[in-house]
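Working notes, beginning with the structure itself.
The values are calculated or read from the model by the stated rules, or taken from the named source; none is laboratory data. Just so it is clear, the model here is predicted, and its values are computed rather than measured. Neighbour counts are summed over all protein chains in view; Cβ atoms, including those assigned to glycine, are modelled from backbone coordinates with ideal geometry. All accessible areas refer to the heavy atoms of the entire protein, side chains included, with ligands and DNA or RNA removed. Shrake-Rupley method; radii C 1.70, N 1.55, O 1.52, S 1.80 Å.
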Amino acid sequence: MHNQVTVIDHPLIQHKLTLMRKAETSTTKFRNLLKEISLLLGYEVTRNLSLKYEEIKTPLAPMNAPVLAPDKKLVLVSIMRAGQGILDGMLELMPSARVGHIGLYRDPKTLIPIEYYFKVPHDVEQRDMIIVDPMLATGNSAVAAVDRLKSTNPLSMKFVCLLAAPEGLEHFCNVHPEVQVYTAAIDEYVDEHGYIIPGLGDAGDRLFGTK
Ligand code: URA
């Protein structure tokens with residue numbers, strides 16, 4: 001599991017995450033912070049994108065300069081609804097990425113994820129996939145989302161979250177050992193309601209102000 005999980009412990013991310021955790025942080029602030037953190041997570045998760053070189057002219061001289069290789073196309077997939085908060089930041093960084101959505105809700109009694117929406121671009125097979133969801137708690141939703149998305153045959157898959165719980169990470173890594181996970185922090189545990197402790201509460205409610 002250790003090689004599969006990257007904790008992005010950049011000081012700016014850690015500071016902003018602490019602000020997000022605070023119960024008194026408003027919806028507006030929470031949303032902006034998640035967007036800012038997503039930009040920073042985005043840098044890390046795209047670190048290995050390949051480059052090609054092209055001849056350009058600066059005002060002073062010609063040079064052979066790096067640009068993103070055009071064959072490396074991305075698809076971002078948001079696990080609804082809280083994934084939207086990370087998606088917005090990532091899209092700012094990668095404006096030409098295509099976007100898919102998968103809608104899962106957790107049955108409140110069994111905590112088992114149930115799919116209610118699924119749409120991805122038609123050319124997913126030619127794209128590297130980055131799946132986003134702020135909270136990897138039990139891991140059930142993440143595992144179910146990746147199960148479903150694997151059936152669309154993307155070139156590769158990465159999973160980006162804000163917070164993860166150790167038991168959820170273990171579950172995810174056991175079922176999908178080839179999918180790299182990026183998170184800003186690993187918290188203590190998941191409670192009996194499926195919440196990450198200490199966590200930040202319900203990410204969707206805090207993002208959209210629904211509670
Ligand atoms: N989903 C959330 O929104 N919060 C948690 O703590 C766990 C799952």
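Count of the stretch 101-139 residues, restricted to those that are in contact (Cβ under 8 Å) with a residue 40 or more places away in the chain and buried (at least 21 other Cβ atoms within 10 Å of the Cβ), is 13.
Taken together, 125, 115 contain a single residue that is among the charged types (D, E, K, R), part of a strand (DSSP E or B) and over 18 Å from residue 47 (Cβ atoms), which is 115.
Candidates 63, 90, 20: the one that is farther than 29 Å from residue 138 by Cα and either in a helix (DSSP H, G or I) or without any contact (Cβ under 8 Å) to a residue 40 or more places away in the chain (or both) is 63. Here are the criteria: (1) more than 9 Å from the ligand (Cβ to nearest atom); (2) in contact (Cβ under 8 Å) with a residue 40 or more places away in the chain; (3) surrounded by 14 or more Cβ atoms within 10 Å (Cβ to Cβ); (4) not aliphatic (A, V, I, L, M). Tell me which single one residue 176 does not satisfy. Unmet for residue 176, out of (1) more than 9 Å from the ligand (Cβ to nearest atom); (2) in contact (Cβ under 8 Å) with a residue 40 or more places away in the chain; (3) surrounded by 14 or more Cβ atoms within 10 Å (Cβ to Cβ); (4) not aliphatic (A, V, I, L, M): (2).
In the stretch 179-194, of all residues being open to solvent by less than 60 Å² (accessible area, probe 1.4 Å), outside any loop (DSSP other than H, G, I, E, B) and over 24 Å from residue 74 (Cα atoms), the one that is farthest from the ligand (Cβ to nearest atom) corresponds to 185.
Quick one: is residue 63 open to solvent by 30 Å² or more (accessible area, probe 1.4 Å), within 16 Å of the ligand (Cβ to nearest atom), modelled with pLDDT of 95 or more and touching a strand residue (DSSP E or B) at 6+ places or on another chain (Cβ under 7 Å)? So residue 63 does not fit the description; no.
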